[in-house]
Amino acid sequence: AVAAMGVAMKVGMIVAMLQMGLCMGILPVLAYNFGSNNIKRIKETILKTGTVCIILGSVMTICCFIASHFLVSAFVTDTAIIDLGVKILGIYFLTTNIMQAAGKSLIPTIVSLSRQGIIFIPCLILFNALLGLDGLIYTQAVSDILAAIMSIILCTIVLRKFFKQQL
């Protein structure tokens, strides 16, 4: 079971790493524009990168879904939950990089700790108790979704505060 989960997570990380690379690539663009108070360029970069991230994540997830039998058939039979988590990760990476570019590095650190520990560990214990081995499959997807929601809320607060200061 542990080996199967490891293989499934590695397949999901292929998509996540592509999205993370894209979001990290815009970090200098965002930081430069935050520094120069170019609100129009910040909004444009966020919108375009978010769109590309979601499209890339969806296309790659579909490819992983189509090839899932080939990729993980020896270990995992249900990849739907992992695929959902992969889509959510694109949003998560984008929002954490926006906050880093805005100079708010503590917030993404807290969100990251939440995703991999503060949210993940209680979900792991709860889902294991409720669902047994199947709970392990749901744990990462649920923690990714909750971390993405948390990062969207915090990013929105940071951006609103920044945009209000620029008016």
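Taking the stretch 5-36 on its own, how many of its residues are over 22 Å from Ser151 (Cα atoms) and either touching a helix residue (DSSP H, G or I) at 6+ places or on another chain (Cβ under 8 Å) or modelled with pLDDT under 85 (or both)? Quick ask: steps written out before the conclusion?
First pass over the stretch 5-36, keeping only residues over 22 Å from Ser151 (Cα atoms): 5-8, 10-11, 36.
Next, from what is left, pick out any that are either touching a helix residue (DSSP H, G or I) at 6+ places or on another chain (Cβ under 8 Å) or modelled with pLDDT under 85 (or both): 5-8, 10-11.
Number satisfying all stated conditions: 6.
Pairs meeting the criteria (first residue in the stretch 103-118 and farther than 17 Å from Ala141 by Cβ, second residue open to solvent by less than 70 Å² (accessible area, probe 1.4 Å) and among the polar types (S, T, N, Q), beta carbons under 6 Å, at least 6 apart or on different chains) are Pro108/Thr96.
Residues that are touching a residue at least 12 places away in the same chain (Cβ under 8 Å) and open to solvent by less than 70 Å² (accessible area, probe 1.4 Å) within the stretch 35-51 comprise Ile39, Ile42, Thr45, Ile46, Thr49, Gly50, listed in sequence order.
Any residue that is at pLDDT below 70, in contact with a Cys (Cβ under 8 Å, 6 or more places away or on another chain) and aliphatic (A, V, I, L, M) - is there at least one of those in the stretch 88-109? Yes: the stretch 88-109 contains one or more residues that are at pLDDT below 70, in contact with a Cys (Cβ under 8 Å, 6 or more places away or on another chain) and aliphatic (A, V, I, L, M). For the stretch 127-166, filtered to residues that are charged (D, E, K, R) and under 29 Å from Arg41 (Cα atoms), the residue that is surrounded by the most Cβ atoms within 10 Å (Cβ to Cβ) is Asp144. Does Ala148 satisfy the criteria of being within 17 Å of Ala16 (Cβ to Cβ), of a type outside the set (S, T, N, Q), at pLDDT 75 or above and part of a helix (DSSP H, G or I)? So Ala148 fits the description; yes.
The values are calculated or read from the model by the stated rules, or taken from the named source; none is laboratory data. Keep in mind it's a predicted model, so treat the numbers as computed, not measured. Positions of Cβ are generated from backbone atoms using ideal geometry, with glycine treated the same way; all protein chains shown enter the neighbour counts. Keep in mind that these areas ignore ligands, DNA and RNA; they rest on the heavy atoms of the full protein, side chains included. Shrake-Rupley method; radii C 1.70, N 1.55, O 1.52, S 1.80 Å.
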